[in-house]
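Data first, discussion second: the structure below is written as structure tokens.
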Amino acid sequence: MRFSAWSSLGISVCSALVLAGAASAHLSIDPQRVAPGAEVDVIFSVPNEDDAVGVDHVTLGIPADFELDDAEAKPGWTQSRTGQAITWSGGLIPKGQYARFAIRGTAPAKTETVLFNVLVGDRTGKSITYRVGLDVASTTPEDTSARSVGKAALIIAIVAAVLALVALFAWVYRWIRPTPG
């Protein structure tokens with residue numbers, strides 16, 4: 001067949017996209033949420049769950065509305081940048097281990113979820129693409145008030161404990177004090 005190479009490529013791409021949904025649970029991002037317009041260091045923990053050859057290249061596709069400033073230099077890895085993509089190559093993530101790759105930039109000014117494409121591959125040409133979301137959202141008032149209520153409850157508990165101890169010591173003092181005669 002004349003189009004067999006295209007068919008194989010199409011099957012490979014579709015397979016990678018189908019696997020990317022399931023695989024995204026294994027690649028993590030930290031932090032998972034940032035404030036709009038915040039300067040942030042984003043760390044991607046990239047696993048090699050079952051590739052016996054070992055992962056030797058990782059490419060981060062950066063969303064257009066995330067302003068990329070810099071990327072981490074990793075010992076043993078070569079880094080290259082093409083537009084909104086950073087590639088680390090030449091290193092090795094052995095089977096059953098993971099490595100962290102970090103970028104620095106500015107989050108979009110508006111509230112949204114930006115998606116990073118993370119291509120992970122080995123020297124045989126085997127690769128998988130993960131789609132990892134970073135939530136860009138303002139801190140909600142509920143988050144702040146929940147922390148304040150928690151702190152207030154802790155302070156009240158400490159004051160109550162101190163008052164209970166004072167009352168206990170007063171009772172013990174009265175009990176052991178000699179009665180005048």
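What FRET efficiency would be calculated for the residue pair D135, L165, taking the C-beta separation as r and a Förster radius of 30 Å, to the nearest 0.05?
Values: r = 45 Å, r/R0 = 1.50.
Efficiency, rounded to the nearest 0.05: 0.10.
Restricting everything to alpha-carbon atoms, can you work out Rg to Rh for segment 76-119 with a Kirkwood hydrodynamic radius? Don't skip to the end; give the middle numbers.
Values: Rg = 13.5 Å, Rh = 13.1 Å.
Across segment 76-119, the Cα-based Rg/Rh ratio is 1.03.
Rg to Rh ratio, segment 24-178, alpha-carbon atoms and Kirkwood radius?
Values: Rg = 25.2 Å, Rh = 18.9 Å.
Ratio value, two decimals: 1.33.
State, to one decimal in nm, how far the label point of R177 lies from the label point of D69, with both points 7 Å from Cα in the Cβ direction.
Output for this residue pair reads 6.5 nm.
Given the C-alpha atoms of segment 47-124, compute the convex hull and give its volume per residue in Å³. Please report the intermediate quantities before stating the final value.
Numbers: hull volume 7.2 nm³, N = 78.
Value for segment 47-124: 93 Å³ per residue.
If the chain between A153 and L92 were fully stretched, how many nm would it gain, using 0.36 nm times the residue separation less the Cα-Cα distance?
Extra length from A153 to L92 when fully extended: 17.0 nm.
Taking K and R as +1 and D and E as -1, what net charge do the other residues with C-beta under 12 Å from the C-beta of D30 add up to?
Numbers: positive: R33, R100; negative: D41.
So the environment of D30 carries a net charge of +1.
Every number here is computed from the coordinates shown, using simple stated rules; none is lab data. Everything numeric in this text was worked out from a predicted model, so none of it was measured. FYI the Cβ positions are ideal-geometry reconstructions off the backbone, even for glycines, and counts take in every protein chain you see.
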